[in-house]
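Here the structure comes first, spelled out in structure tokens, and everything after it is commentary.
The values are calculated or read from the model by the stated rules, or taken from the named source; none is laboratory data. Source: prediction; values computed, not measured. Cβ sites come from the backbone with ideal geometry, for glycine too, and all protein chains shown count toward neighbours. In case anyone asks, the SASA skips ligands and DNA or RNA and just uses the protein heavy atoms, side chains included. Shrake-Rupley method; radii C 1.70, N 1.55, O 1.52, S 1.80 Å.
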Amino acid sequence: MTTIRRFVAIAVVAVLTAGCGSAHAAGPRTITLTLVRHAQSAANASGLINTSTPGPELTATGWCQARFVAPQLAPNHYDGIYASTMIRSQQTATPISQLLAEPVTVLPGLREIEAGQYEGTPEANIAQTYLAAPQQWLRGDRSARIPGSVDGKEFEARFNEAVQHIYDSGQQNPVAISHGAAIMMWVLMTVRNPDPSLLATKPMPNVGHVVVTGNPSDGWTLAEWDADPPPC
């Protein structure tokens, strides 16, 4: 090999090596994802579980909550707003959407976990009924199924699909209006630093929120769990 050819070969290898190193160093980007539970719905006011789609609308109290929390969240300057296929989620997203002049993107995977045979039963008994199987998911049994509804693997897959869609949008600081059980279960099933006791000690109230940081490839870290009592 001549000196010139040897030099060119070394230069090409150096460029390729540097390029690979840069790609590896960059890796998946980290985002901040805020998950907000919807405001009070007519079902919440009735005390009965309702996970139907599109489901009930917000009550007057719920609209008050949505309008109250919007200016509290707006300073976070979200660059994407998402909601589920349920009316109460989309209505809760409306005031923040108006304040930030951002459209609301609807994603089916953000909807509430279907209650199955527990639909229409009292919310007061959810720990022993609706959330019995999901509590098994947190202990590692993703095959546990809510009678007449989904198991942990099915729920996790569809919520992950929604989160992947949000991530693939390229936004850095999105907010998604979702539902109490869906938010709590996905977060506690997914983050590196779960605290399952939060399910009992700080259940997610209307317009409560959770913040996670990370990405779908490297995983997520729980940064904030705001379970303060709702306004109004």
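Values computed for the structure shown
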| quantity | calculated |
| --- | --- |
| Under Karplus coefficients 6.51, -1.76 and 1.60, residue-wise ³J(HN,Hα) of the stretch 183-199 in Hz, glycine/proline x | 5, 4, 5, 4, 4, 6, 7, 10, 6, 6, 10, x, 10, x, 5, 4, 4 |
| Solvent-accessible ranking of ASP168, ASP226, largest area first, probe 1.4 Å | ASP168, ASP226 |
| Relative intensity, log₁₀ I(q)/I(0), of the chain from a Debye sum that treats every alpha carbon as a point, q = 0.15, 0.18 Å⁻¹ | -0.97, -1.38 |
| Per-pair calculated FRET efficiency, R0 = 25 Å: SER217 and ALA74 via Cβ, rounded to 0.05 | 0.25 |
| Gain upon complete extension [LEU99, ASP226; 0.36 nm per residue less C-alpha separation] | 43.6 nm |
| Estimated FRET transfer efficiency (ALA60, ALA26; beta-carbon r; R0 41 Å; 0.05) | 0.25 |
| Calculated from backbone phi, Karplus (6.51, -1.76, 1.60) coupling profile of the stretch 206-222 in Hz, x at Gly/Pro | 4, 6, x, 8, 10, 10, 10, 10, x, 6, x, 7, 8, x, 10, 10, 6 |
| Probe 1.4 Å - accessible area at PHE68, Å² to nearest ten | 100 Å² |
| With at most 12 other Cβ atoms within 10 Å, longest stretch of the chain clear of loop trypsin sites (Lys or Arg not before Pro) (DSSP) | 30-138 |
| Rg in Å to one decimal, and Dmax rounded to a whole Å, for the stretch 168-232 via C-alpha atoms | 12.2, 39 |
| Positive-end residue of GLY140, ASN193, GLY120, charge dipole of the stretch 118-232 with Cβ unit charges | GLY140 |
| Charge tally in the Cβ shell below 14 Å around ASP141, where Lys, Arg are +1 and Asp, Glu are -1, ASP141 excluded | +1 |
| At 1.567 mPa s and 4 °C, Stokes diffusion of the stretch 107-228 via Kirkwood alpha-carbon radius, µm² per second | 87 µm²/s |
| Counted charge near MET184, where neighbours are those whose Cβ lies closer than 10 Å (Asp, Glu -1; Lys, Arg +1) | +2 |
| Computed helical MRE - 222 nm, the chain, DSSP H runs ≥ 4 contributing -39500 (n - 2.57), nearest 500 | -13000 deg cm²/dmol |
| Given charges at beta-carbon only (K, R positive; D, E negative), |dipole| of the chain in Debye | 660 debye |
| Amide hydrogen neighbours beyond the local backbone of SER178, cut-off 5 Å, H modeled | VAL36, ARG37, HIS38 |
| Cα convex hull of the stretch 41-160, projected area averaged across orientations, nm² | 7.9 nm² |
